[in-house]
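The next block holds one structure in the form of structure tokens; read it before the comments.
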Number of protein chains: 2
Amino acid sequence: MAKGSKKKKKDKSKNEDKKKHDVKPARKAAAKNAEKAAAKAAKADRKAAEKAAAAHEAAAAGLLARRDAVADLLRVAPGFRLADVDTGATPGFDGSRRDGEAALAAVGAELSDLQERLFAHGRTGGTRSVLLVLQGLDTAGKGGIVRHVVGLVDPQGVALRSFGVPTPEERRHHFLWRIRRALPRGGMIGVFDRSHYEDVLVARVDDLVAPEVWERRFDEINRFEAQAAAAGATIVKVALWVSPDEQYRRLRERLERPDKLWKYDPTDVDVRLRRPAYEAAYQEVLDRTSTEVAPWYVVPADSKWYARLAVSALLHQALAGLQLDWPPADYDVDAELARLDATR
Amino acid sequence: MAKGSKKKKKDKSKNEDKKKHDVKPARKAAAKNAEKAAAKAAKADRKAAEKAAAAHEAAAAGLLARRDAVADLLRVAPGFRLADVDTGATPGFDGSRRDGEAALAAVGAELSDLQERLFAHGRTGGTRSVLLVLQGLDTAGKGGIVRHVVGLVDPQGVALRSFGVPTPEERRHHFLWRIRRALPRGGMIGVFDRSHYEDVLVARVDDLVAPEVWERRFDEINRFEAQAAAAGATIVKVALWVSPDEQYRRLRERLERPDKLWKYDPTDVDVRLRRPAYEAAYQEVLDRTSTEVAPWYVVPADSKWYARLAVSALLHQALAGLQLDWPPADYDVDAELARLDATR
């Protein structure tokens, strides 16, 4: 047990007195050697840390230099065809998995700083926010994005919401009711794990509502998102896209690993069998709801590390695009310094 | 831009063909040297990574071996006196700040694993949860705990709630109404940034309610927490304790740094002036509400790194104490493997 600092100092001076009188030459030499070794180890540590920091910075700079290129490559433009996506590709990033993981770790500090600026903005009355919408088929890696990308920033500044099967109360309302209530307040990064898009995806594929109902939802969604954007939200919509083969491997892994059994749901196979219908539904979502203020990004997700890196780049772009400075004081700083000093 | 894997392979074999035919000896030697250097760098990287991993493991093991000792030293026992706390001490940990930071980073992976077990337990109907209550005077470091300790685990498994001045709606209800609604569901780590204890702290110090009102709240709180514990919550209550001098330095820093101005509030100085009253109120909270099922831990917090490390140890103890295995499948694994394979 470490003691209070006063106590420690006393012990130390006692030990030093002891050393002067008792210690024999052999012990002295041993102590000197140990000191030397410790100093050498500390120097090596320092060097390793410096090297690692430099590597991190370089990795972050490398990713950030390509950030806008990554976003441009992934953004859904007119004529985009989901069927043409190479789910194993890594658009805009030609490094290895290891490079990608290093770049993600490195970009964390940047994201964290930008997120804190946004949070400070919200605390001082600002209305800007970021909304990250995550969609994707089972096993596409939405959870991994939350854990490994959203997890890079302060949990205080994140409003995470998962949208599952609507509750009886939610069902009594318009499909956007529960979504509107979950929009991030000023200063927050809102994250939707699934979203209102399920109301034109599973609702359509499983015939939960009549075609004329889901059909008109596209316009309702576009209006809703335009309002949210006008109110201050920067909206980033991400569809994580995995191949049927990769999905097979991931589902198989869930069935084979004791620590993943809980993630498997027998309906996953049923959904898998309806993939063509889901692809058609996703294609229409992308065709009809990728707008200037709420664009879709389709992220190839067979490489988990790439998907995480790409989403970190999109999040970075959204946060940096707000161009937020630290808010100025809304009180008299000099007067407060004087008040504070008077309490010493 | 990187291409899909097929395309890549093609390019590579083309390059190899080229090499065989065109490359001149000088270029060949240069390429060989570059390869050698790259291999050497990769080897050094691997060694550094191995060394770092070993150091991390050792740091984690070191902290975890002392985990229960740290908890025992910080737990409030009968006769505990807040006035005797050495706010600069690091009970149970005799390493440096750097050792402490390494140990915290290392314990992150452990916390993350335990948190995921808890989450899996919740997803399969389990009712256990962990509730971390954070209290402390202004600048005590509650926000840093959220960012640097709670931030170590998956945001999906965290329900964070800040309790500020009650809203008009909250004021119309019993003081525990908003608290009860914020209790974590099964599988979650709930984090209260301030809590129902403000109703016997600021409410008392600022005379917001009559003495007979806050006086009876201690029993109400104990009953409430006992119920929450009986319903499955492991409750860990942390009071972060800073010295007046350290608080002065932190407030001064907020006034001096442009990136911290937004964190300062002129009422911080008013609260600081009432410190004796707060200390008395905290002492009574600790005397009357540290129970077997909901103990208080007073964490010396002048060293931010120590406070974070200590809370990570308390959180680790709470999570590990649940002794949760990965939940078994509630479906027929072999049948599902067969169903899945049929979809290939």
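The values are calculated or read from the model by the stated rules, or taken from the named source; none is laboratory data. This one's a predicted model, so the numbers in the text were calculated from it and none came from an experiment. As a convention, Cβ positions derive from the backbone with ideal geometry for all residues, glycine included, and neighbour counts pool all protein chains shown. SASA here: full protein model, heavy atoms, side chains in, ligands and nucleic acids out. Shrake-Rupley method; radii C 1.70, N 1.55, O 1.52, S 1.80 Å.
General observations
- Count of residues meeting criterion [open to solvent by less than 40 Å² (accessible area, probe 1.4 Å) and either part of a helix (DSSP H, G or I) or at pLDDT below 95 (or both)] in region A:68-91: 4
- Looking at A:Gly186, A:Gly108, A:Gly100, A:Gly95, just one residue is modelled with pLDDT of 95 or more and of a type in the set (Gly, Ala, Ser), and that residue is A:Gly186.
- Residue check for B:Glu292: under 30 Å from B:Arg67 (Cα atoms), open to solvent by 30 Å² or more (accessible area, probe 1.4 Å), among the charged types (D, E, K, R) and without any contact (Cβ under 8 Å) to a residue 60 or more places away in the chain: yes
- Filter result (surrounded by 14 or more Cβ atoms within 10 Å (Cβ to Cβ) and facing chain B (nearest Cβ under 7 Å)) within region A:269-280: A:Val269, A:Arg272
- Residue ranges of helices (runs of 4 or more DSSP H) in region B:132-207 with at least 2 members within 19 Å of B:Asn222 (Cβ to Cβ): B:177-181, B:202-205
- Test: residue in region B:136-149 that is touching a Gly at 6+ places or on another chain (Cβ under 8 Å) and either more than 30 Å from B:Arg249 (Cβ to Cβ) or not hydroxyl-bearing (Ser, Thr, Tyr) (or both): yes
- Breaking point among (1) within 12 Å of chain A (Cβ to nearest Cβ); (2) out of contact with any Phe, Trp or Tyr (no Cβ under 7 Å at 6 or more places or on another chain); (3) surrounded by fewer than 21 Cβ atoms within 10 Å (Cβ to Cβ), for B:Pro266: (2)
- For region B:320-344, taking the residues that are at the interface with another protein chain (Cβ under 8 Å from one of its Cβ atoms) and more than 21 Å from A:Pro244 (Cα to Cα), the one that is most open to solvent (accessible area, probe 1.4 Å) is identified as B:Pro328.
- Any hit, region B:212-220, residues being touching a residue at least 24 places away in the same chain (Cβ under 8 Å), crowded, with 20+ Cβ neighbours inside 10 Å and farther than 30 Å from A:Arg117 by Cβ: yes
- Taking region A:165-192 as the range and being surrounded by fewer than 21 Cβ atoms within 10 Å (Cβ to Cβ) and under 23 Å from the mean Cα position of the chain (by Cα) as the test, the residues that pass are A:Arg178, A:Arg180, A:Arg181, A:Ala182, A:Leu183, A:Arg185, A:Gly186, A:Gly190.
- B:Tyr248 under 25 Å from the mean Cα position of the chain (by Cα) and open to solvent by less than 30 Å² (accessible area, probe 1.4 Å): no
- Scanning region B:250-298 for residues that are β-branched (Val, Ile, Thr) and assigned to a helix (DSSP H, G or I) turns up B:Thr267, B:Val269, B:Val271, B:Val285, B:Thr289.
- Note on region B:39-53: among residues that are within 13 Å of chain A (Cβ to nearest Cβ) and open to solvent by 60 Å² or more (accessible area, probe 1.4 Å), the one that is modelled with the lowest pLDDT is B:Asp45.
- The residues on offer are A:Gln317, A:Gln283, and the sole one that is surrounded by fewer than 16 Cβ atoms within 10 Å (Cβ to Cβ), under 23 Å from A:Leu73 (Cα atoms) and away from chain B (no Cβ under 14 Å) is A:Gln283.
- Checklist (1) more than 10 Å from chain B (Cβ to nearest Cβ); (2) under 19 Å from the mean Cα position of the chain (by Cα) applied to A:Thr127, failing item: (2)
- Pairs with Cβ under 7 Å, 6+ apart, first in region A:82-111 and aromatic (Phe, Trp, Tyr), second at pLDDT 90 or above: A:Phe93/A:Val70; A:Phe93/A:Gly100; A:Phe93/A:Tyr306; A:Phe93/A:Leu309
- Scan of region B:299-344 for residues that are without any contact (Cβ under 8 Å) to a residue 40 or more places away in the chain and either among the small types (Gly, Ala, Ser) or assigned to a helix (DSSP H, G or I) (or both), ordered by number: B:Ala329, B:Val333, B:Asp334, B:Ala335, B:Glu336, B:Leu337, B:Ala338, B:Arg339, B:Leu340, B:Asp341, B:Ala342
- Search result, residues across region A:238-248 that are closer than 21 Å to A:Val311 by Cβ and either part of a helix (DSSP H, G or I) or of a type outside the set (S, T, N, Q) (or both): A:Val238, A:Ala239, A:Leu240, A:Trp241, A:Val242, A:Glu246, A:Gln247
- So B:Ala301, is it open to solvent by less than 40 Å² (accessible area, probe 1.4 Å) and at negative phi: yes
- Boolean, A:Val107 is assigned to a helix (DSSP H, G or I), within 15 Å of the chain's Cα centre (by Cα), away from chain B (no Cβ under 12 Å) and buried (at least 19 other Cβ atoms within 10 Å of the Cβ): yes
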